[in-house]
Number of protein chains: 2
Amino acid sequence: MPEPVICGIGYTDFIIRVEEFHGYRSPGILLGGFMLDAALHDVGTTPYLNVVTETVVCLPDAVQLLTPCTFGNGFLQIFDWGKFALTAYNRMTLSGVRVWLNHDRLLRYKLIRDWFERSDHTKKKPPFEPLAQEILKAGKELVIHRPVRLHRALKDTQPVPTGNCPECGESYPLHHGPTCPSCQGNAYYNYEAANHESRYISEKK
Amino acid sequence: MPEPVICGIGYTDFIIRVEEFHGYRSPGILLGGFMLDAALHDVGTTPYLNVVTETVVCLPDAVQLLTPCTFGNGFLQIFDWGKFALTAYNRMTLSGVRVWLNHDRLLRYKLIRDWFERSDHTKKKPPFEPLAQEILKAGKELVIHRPVRLHRALKDTQPVPTGNCPECGESYPLHHGPTCPSCQGNAYYNYEAANHESRYISEKK
């Protein structure tokens, strides 16, 4: 039997790439591979590919691994909706394809169902390989995809005036208000001890 | 003169990796490399590395390229604050290092200053190599880093009850309300024409 191919990559190579980038073998990225395969097939070849994922879990890494779209280059947008779905689209035409899972069919596959309904990834992870084999078997049967048109481009490309925050002195976009988000009380950290900038510079220079 | 090394990677190899992942040579990722170098040096070797970036631009890709932390594996968090800063920390101890740019020193470097103050990446991109040479020269002199302690872990690992949305039928976290975020009016798309799921399956099977 020939090796399964996901997004043009043989299964063995696919899993190695997933481990390298994501840190471990991920059923969600394997399933995401089938979803992207369906979406990219319908969107066709374009230099203007953008992708939106509707969850922060796994799917963003499938996109970053299998397409030219990354979070940092702005061609991947992520909504924290907890929905295992994505849309691939042409950012010039705003036409694309939304892909998600067929929940009824998913119920027929015990290992996939148990893994998917765990969903919160706090319980013990199931062994990868039996689950992966079930995903390879079910594969595209689980994937629903429909053509969509986006309401608007999701990448913000308008100029953003910036200035220095009067409290911390750091540069920030002025639309946040008179001080930066951190100085407005959103800081996730407290500073400890003194600035030891000079130590690093003298050590490493 | 020996080749500059950023996060343990020689400059030539560094730029190739940036092009492969990010799509083009990015001054922000080069500068991000120096910032991460400083942060990781101080945090030290740990299997519990997490990173937070305070901008969606470039820095997330520097982190995903140079550390095991990715958006999809949950060890990279991103705040859309427009601040060119990041914090690397140990998720077990919540101790870490926040890194940002020394704005006064940055003003001394014409190409870096012009690029940084453009900030909104809508204007024409400056030629990469002269700017990169200035970044390599300035490098760690631009980087300010201070030890911090996080208020709390940023990765949410609590169980999230899910159910199927009564409108679209898709699985979503119930804390969003009686319907999923998309059916609550946040959808970024409209469906076009009919479901052509069967076509893809019959074509590709």
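Considering only the range A:12-50, state which residues are under 17 Å from A:T93 (Cβ atoms) and hydrophobic (A, V, I, L, M, F, W, C). Selection gives A:A39, A:L40, A:V43, A:L49. The criterion of at least 2 residues that are touching a Lys or Arg at 6+ places or on another chain (Cβ under 7 Å) and among the β-branched types (V, I, T) is met, among helices (runs of 4 or more DSSP H) falling completely within the range A:1-111, by A:11-22.
Looking at (1) within 30 Å of B:G177 (Cβ to Cβ); (2) over 19 Å from the mean Cα position of the chain (by Cα); (3) aliphatic (A, V, I, L, M), which is the only condition B:L150 fails? The single condition B:L150 does not satisfy is (2).
Contact map, the range A:50-70: first residue modelled with pLDDT of 95 or more, second residue among the basic types (K, R), Cβ cut-off under 8 Å, separation 6 or more or different chains; pairs are A:N50/A:R91; A:N50/A:K155; A:E54/A:K83; A:T55/A:K83; A:L65/A:R17.
Looking only at residues that are within 8 Å of chain A (Cβ to nearest Cβ) and not in a strand (DSSP E or B) in the range B:136-151, which one is nearest to B:G33 (Cα to Cα)? Filtering first and then ranking leaves B:K140. Within the range A:112-135, being modelled with pLDDT of 90 or more and either at the interface with chain B (Cβ under 8 Å from one of its Cβ atoms) or assigned to a loop (DSSP other than H, G, I, E, B) (or both) holds for one residue alone: A:P127. Taken residue by residue, the range B:81-90 has at least one member that is over 15 Å from the mean Cα position of the chain (by Cα), over 19 Å from A:K155 (Cβ atoms) and more than 10 Å from every other protein chain (Cβ to nearest Cβ).
Filtered by the rule that a residue be within 15 Å of A:H22 (Cβ to Cβ) and either of a type outside the set (F, W, Y) or within 7 Å of chain A (Cβ to nearest Cβ) (or both), the range B:67-80 gives B:T67, B:P68, B:C69, B:T70, B:F71, B:G72, B:N73, B:G74, B:L76. Which of the residues spanning the range B:152-195 are at the interface with chain A (Cβ under 7 Å from one of its Cβ atoms) and in a strand (DSSP E or B)? Hits for the range B:152-195 are B:T162, B:N164, B:S171, B:Y172, B:P173, B:Y189, B:N190, B:Y191. Being over 30 Å from B:A187 (Cβ atoms) and either among the basic types (K, R) or at pLDDT below 95 (or both), is that true of even one residue in the range A:148-160? No: the range A:148-160 contains no residue that is over 30 Å from B:A187 (Cβ atoms) and either among the basic types (K, R) or at pLDDT below 95 (or both).
Considered as a group, the residues in the range B:64-77 that are within 20 Å of B:R149 (Cβ to Cβ) and either of a type in the set (G, A, S) or within 9 Å of the chain's Cα centre (by Cα) (or both) include one that is surrounded by the most Cβ atoms within 10 Å (Cβ to Cβ), and that residue is B:L76.
The values are calculated or read from the model by the stated rules, or taken from the named source; none is laboratory data. The model shown is predicted, which means the values in this text are computed figures rather than measured ones. Every residue, glycine among them, receives a Cβ derived from its backbone with ideal geometry; neighbour counts consider all protein chains shown.
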